[in-house]
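Let me begin by presenting the structure, written as structure tokens, before commenting on it.
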Amino acid sequence: MSILLGTRTLDVPILQGGMGVGVSMGGLAGAVAECGAMGTISTAIPGYDEPDFGKNPNAANLRVLAREIEKAKRLSKEKGLVAINAMVATVQYAESVMTAIKSGVDAIVSGAGLPNELPAIAKGADVLLAPIVSGGRAARVICRMWETRHERYPDFVVLEGPQAGGHLGFSKEEAKSDSAPKLEDLIKETVEALRPFEERAKRAIPVFAAGGVWDGKDAACMARQGAAGVQMATRFIGTYECDASQGFKDILLAAKKEDIQIVQSPVGMPGRALRTPLIERLSGGVKTAAEHCVNCLTPCPKKETPYCIMEALVKALKGNYEEGLFFCGSNVWRMDKMMHVSELIDEIMRDWRAFA
């Protein structure tokens, strides 16, 4: 089931989605890549635990990013691909991309804003570029922008539907509604939107479907609609190789369907997370001042924000249920046991072939 992505081949058509802060680092990404899939390191505040983070967060972030990419490449044993997930909304967006390229990353997946300048930042580098889109319209806009400004086309596209975890490319109402766009329909419209750009690029632009994809049966369904592969994030949290603390994993393992809700992020975007004491306090109008703002996100209204998302995500990472923000996909309640990455990927691929 291998597929061609630009100049590289991916033997297992599974992307492990980037999860910050610190949830998907070199350990998880390397284990996924070793299985022939694509492992992804999040560039969202990777230096959070460095001794000098409080005084020099920018240097700490870039240092750790380079270190984690090198770790993932080493663990991959030259199998699969190692990517970064670079959020356009981060202050260090361009620097993170350039650091990743220097460190030998294979692919850059970019969302949380329109990655209009990504081809310029990565110009001349032998690296795959992929935007995250919410449907055919977004794919068309980004492809046209890249084509006109940079004479470049995406090497692949990640299509994130409304059932994804973390920040969403849909409104709060769309994400909550039973009438929200179905991922299967979004695949069809995105594949159709990419067709003229594939013709001009003289190559395929594969689509990876994400958001609520849980198992091989789901993957087979997405493939029938035209997806070349799938991206999964939450599913990889329940692995021993995931870089988050066991406390973080245990909280998600215990999650019930009714615990999942749509929250409003301080950066102005809706997101899917667990209902926790932090979310309950925020719903009641309680605000929590940042302990130490490191100016991590460009859209963050620092003086008006009800809480610091970076601090809340770090606390979640360390298993702090009371004060943490636990982003998750819509199917997290289905996660009921720990697995090794190799076991999980083998299970997904076995079921994918069975339902193909």
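Just so it is clear, none of the values below were taken in a lab; they were calculated from the coordinates. Since the structure is predicted, the reported quantities are computational estimates derived from the model, not experimental observations. Positions of Cβ are generated from backbone atoms using ideal geometry, with glycine treated the same way; all protein chains shown enter the neighbour counts.
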Review point. For the modelled label position 7 Å from the Cα of A125 along Cα-to-Cβ, which residues of the range 25-66 have backbone nitrogen atoms closer than 12 Å?
Key: 66
Check your understanding: Quick one: Cα centre-to-centre distance for the range 40-119 and the range 214-246, in angstrom?
Key -> 21
**Study point:** Estimated inter-spin distance, R74 and S2, nm [label 7 Å along Cα→Cβ]
**Key:** 2.7
Review point. Most mobile of G18, G135, G284 per a Gaussian network model of the chain (Cα springs, under 10 Å)?
Key: G284
**Study point:** Which labelled figure in (i) 28, 23, 21; (ii) 43, 23, 18; (iii) 35, 25, 18 is semi-axes √(5λ) of the Cα gyration tensor in Å, once derived from the coordinates
**Key:** (i)
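Expressed in nm to one decimal, what extension gain is obtained for the pair Y240 and N56 from 0.36 nm per residue of sequence separation less their Cα-Cα distance? Kindly include the intermediate steps, with their values, before the conclusion.
Details: separation 184, 0.36 × 184 = 66.24 nm, distance 3.12 nm.
Using 0.36 nm per residue and subtracting the Cα-Cα distance, I get 63.1 nm.
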Review point. Share of antiparallel DSSP beta bridges in the chain, in percent to the nearest 5?
Key: 30
Check your understanding: Do you know the relative contact order of the chain, to the nearest whole percent, from alpha carbon pairs under 8 angstrom that are 6+ apart?
Key -> 17
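Once you have the Cα-Cα distance between D351 and K102, take 0.36 nm times their residue separation minus that, and quote the gain in nm to one decimal.
Working: separation 249, 0.36 × 249 = 89.64 nm, distance 3.75 nm.
Going from the current span to full extension adds 85.9 nm.
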Point to revise | Under 16 Å from K123, Cα to Cα: aspartates and glutamates that are on another chain or at least 8 residues apart | key: E95, D106, E147, E151, D155
Study note, to complete from the structure: Highest mean packing first, using Cβ neighbours within 10 angstrom, the peptides 123-129, 224-230 sort as 224-230, 123-129
Review point. In nm, to one decimal, how far is the E147 label point from the K257 one, both placed 7 Å along Cα→Cβ?
Key: 4.3
